[in-house]
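For reference, the structure discussed in these notes is given below.
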Amino acid sequence: MDTRQLIIYRNFKYQHILDQMAQLLWGTREGREVPDPYVLANQLVELAANYGFEGNLWHCFLAFCLANHENAYSISCEIRGDQGGTLSRLARQDLAVMQELFRNDIRVLDKLMGGACVWGELAAYRPADSGSRIFNRRIRNRIIELSRALNAAEDIDAFQRETAEFYREFGVGKYGLNKAFRIEDDRHTASIEPVVNVEHVYLDDIVGYELQKKKLIDNTESFIEGRAANNVLLFGDAGTGKSSCIKAVLNEYYDRGLRIIEVYKHQFHALSSILEQVQDRNYRFIIYMDDLSFEESELEYKYLKAIIEGGLGRKPGNVLIYATSNRRHLIREKFSDKRELDDELHVNDTVQEKLSLVARFGVTIYFGSPDKKEFQNIVKVLAERHGINMDREELYQEANKWELTHGGLSGRTAAQFITYLLGKSGRKRGEE
């Protein structure tokens, strides 16, 4: 067999490693010249360090190749499962090649290295820790589980069934293996790239604002369940948890197919391209716009209005826009604008032009600064969570002193105060 025989599964992310490992494994049986085994061993170890692989690194690598490869078959399985037909039969031929690669025992390669136990170690690799620089632990574990299931497959039918079921249950490619993304834009093309480290914040971590959280949860659950849902604007005072709520929603619901794409104001021209790239995928996407506001001279808001609602193109049903802002009306207004309006013939038209962007967000949620009592409650709850044993009155007194010089009453100020106390005690966040 030869990797050049592949039809559906071509151009893997690490195609060069796959090709050279195939040459190495099959070439040793046929007496051909083979690639350097030391170089390939190094490359597999480096991938293991990046992705958190353990066990048989060769099997993990092959499972990752299959899980990460977006093609006509894998995307079809993601949406509808294996439907049979020509596409399934062509994929079966490719998967037979991959199964043959699975069946090669990499430990035999130690003979090429003078009897060293390098490949024996790689067949039972144990990392120093179970972390991953790229994947969260759940995804890393799922790929390792896939590698073991594929290795145990008795025949090509079982091998294809395991692969197709992975796509159907877990997705494929970057959208299946990641939950958050950002845009890389060079003004000609816009590519959606994964965000490696997403903040692990959950809704229970945000103290107070129960009505606001419920409103956001209700809308999000309607969205991921395929029911009607609105675009959402979270507005209000700084440091009150608007952005944290959106991150928390992602962490709560990503295992049900929710994904988030962060878009900055200067990238609004790429929104049409982004929507085209995600509209046919079996996920629900939130386009996340943080700290959204516009100066009078900035015209990007008009483009955003058309994308949200009003352009000729229909926004995909699997996309919503969630935005945060410190401004209720998003577009900056000044008293001087009032004097200009006095000279304008159609004053109401101008006012409606400025308000129409907010109107396109069907749900608006207000986050106000806490009062003194609410602020103290946030401090108390955070102190208890982090195991800070301090007299209650002293805690409140120190918190009050802190907020006077560090941004006023807000959840952010309370969290920064707790971090200050942890630092004074020589501890880190999360330590007991």
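For segment 130-155, name all the residues that are β-branched (V, I, T) and open to solvent by less than 30 Å² (accessible area, probe 1.4 Å).
I139, I143, I144
Condition check ((1) farther than 30 Å from A128 by Cα; (2) surrounded by fewer than 23 Cβ atoms within 10 Å (Cβ to Cβ)) across all residues:
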{"position": "N50", "(1), (2)": "no, yes"}
{"position": "G55", "(1), (2)": "no, yes"}
{"position": "I75", "(1), (2)": "yes, yes"}
{"position": "E78", "(1), (2)": "yes, no"}
{"position": "D82", "(1), (2)": "yes, yes"}
{"position": "G85", "(1), (2)": "yes, yes"}
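Would you please list the contacts, defined by Cβ atoms under 8 Å and residues six or more apart or on different chains, that run from a residue in segment 149-172 that is more than 12 Å from L95 (Cα to Cα) and assigned to a helix (DSSP H, G or I) to a residue that is open to solvent by 20 Å² or more (accessible area, probe 1.4 Å) and polar (S, T, N, Q)?
Listed pairs, sorted by first residue: N151/N56.
Consider only pairs whose beta carbons are under 8 Å apart and that are at least six residues apart or on different chains; among these, list those whose first residue lies in segment 270-288 and is modelled with pLDDT under 90 and in a loop (DSSP other than H, G, I, E, B) and whose second residue is open to solvent by less than 10 Å² (accessible area, probe 1.4 Å) and hydroxyl-bearing (S, T, Y).
Close Cβ pairs satisfying both conditions: R281/Y175.
Please state which one of Y73, Y38 is of a type outside the set (K, R) and in contact with a helix residue (DSSP H, G or I) (Cβ under 6 Å, 6 or more places away or on another chain).
After applying the criteria, what remains is Y73.
Tell me yes or no: at least one residue of segment 102-115 is open to solvent by 40 Å² or more (accessible area, probe 1.4 Å), over 23 Å from I156 (Cα atoms) and either at pLDDT 95 or above or part of a loop (DSSP other than H, G, I, E, B) (or both).
yes
Got a number for residues in segment 360-415 being of a type in the set (S, T, Y), under 31 Å from the mean Cα position of the chain (by Cα) and open to solvent by less than 70 Å² (accessible area, probe 1.4 Å)?
Matching residues across segment 360-415 total 4.
Does E193 satisfy being under 29 Å from H266 (Cα atoms), outside any loop (DSSP other than H, G, I, E, B) and among the charged types (D, E, K, R)?
Spelling it out, E193 is indeed under 29 Å from H266 (Cα atoms), outside any loop (DSSP other than H, G, I, E, B) and among the charged types (D, E, K, R).
With under 21 Å from the mean Cα position of the chain (by Cα), open to solvent by 10 Å² or more (accessible area, probe 1.4 Å) and over 26 Å from F170 (Cβ atoms) as the only criterion, which of I217, I206 stands out?
The unique qualifying residue is I206.
Please work out which one of (1) at pLDDT 90 or above; (2) open to solvent by less than 10 Å² (accessible area, probe 1.4 Å); (3) outside any helix (DSSP H, G or I) is the condition T240 fails and give its number.
Answer for T240: the failing condition is (1).
Residues to consider are R259, R227; find the one that is within 19 Å of P316 (Cα to Cα) and part of a loop (DSSP other than H, G, I, E, B).
R227
Go through G171, G226 for me and flag whichever is of a type in the set (G, A, S) and either loosely packed, with under 14 Cβ neighbours inside 10 Å or within 25 Å of K380 (Cβ to Cβ) (or both).
From the options G171, G226, the qualifying one is G226.
Inside segment 248-265, can you point out the residues that are more than 16 Å from F223 (Cβ to Cβ) and buried (at least 20 other Cβ atoms within 10 Å of the Cβ)?
Result: V263, single match.
The values are calculated or read from the model by the stated rules, or taken from the named source; none is laboratory data. Just so it is clear, the structure is predicted and the values come from calculations on it, not from any experiment. Cβ sites come from the backbone with ideal geometry, for glycine too, and all protein chains shown count toward neighbours. Ligands, DNA and RNA are stripped out before the accessible areas are found, and what is left, the full protein with its side chains, is counted by its heavy atoms. Shrake-Rupley method; radii C 1.70, N 1.55, O 1.52, S 1.80 Å.
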